[in-house]
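Notes for the one structure printed next.
Nothing in this text is a laboratory measurement; each read-out follows from the coordinates by a stated rule. Because the structure is predicted, anything quoted here is derived from the model rather than measured. Cβ: placed from backbone, ideal geometry, glycine included. Neighbour counts: every protein chain shown.
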Amino acid sequence: MSCIFCKIINGEIPSSKVYENEYVYAFRDINPQAPIHVLVIPKLHLASADEINAENSVYVAKIFEAISVIAKSEGLENGYRVITNVGEDGCQSVKHLHFHILGGKKLPENMG
Ligand code: 5GP
Ligand code: ZN
């Protein structure tokens, strides 16, 4: 599997881990867009949010449970933003489902 996020999960590519459980891995984005920029990914290769279905949606529930825990551990009590980019028009660059947690400052109102 040539997927870079699968390689991060299995340790082939190093990452700055923030959180991990049976379903979820979270690490700091290599090119942060905000003071806190964490990526939360499922330990199951799904190309994007467009592949979420009734069989695999437990991973998404676990991701959002993890996001709430991570937001607290990162001190984001004043709020934050969760983003997932999908496909070409969404400017998705890594084809393994991931949720960006952005925070640590007042984020721009514009969502695109
Ligand atoms: P996308 O544009 O697909 O929504 O987001 C992909 C994100 O993955 C980008 O913010 C990019 O900086 C991050 N990224 C890409 N390769 C690596 C890597 O090897 N390590 C880490 N920590 N982040 C990466
Ligand atoms: Zn993958």
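See the values below:
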read-out: Filter pass, E88 being out of contact with any Ser or Thr (no Cβ under 9 Å at 6 or more places or on another chain) and outside any helix (DSSP H, G or I); value: yes
read-out: The stretch 1-51: number of residues that are outside any strand (DSSP E or B), among the acidic types (D, E) and more than 8 Å from ligand 1 (Cβ to nearest atom); value: 4
read-out: Every pair of residues 6+ apart whose Cβ atoms lie under 6 Å, when the first sits in the stretch 6-29 and is farther than 25 Å from S57 by Cβ while the second is within 15 Å of ligand 2 (Cβ to nearest atom) and of a type in the set (K, R); value: I13/K7
read-out: For A66: the one exception among (1) part of a strand (DSSP E or B); (2) over 21 Å from N31 (Cα atoms); value: (1)
read-out: Residue list for the stretch 75-94, restricted to those being of a type outside the set (S, T, N, Q), closer than 17 Å to N31 by Cα and in contact (Cβ under 8 Å) with a residue 12 or more places away in the chain; value: R81, V82, I83, V94
read-out: Residue selected from the stretch 1-45 under the condition within 16 Å of ligand 2 (Cβ to nearest atom) and among the aromatic types (F, W, Y), by the criterion nearest to G103 (Cα to Cα); value: F27
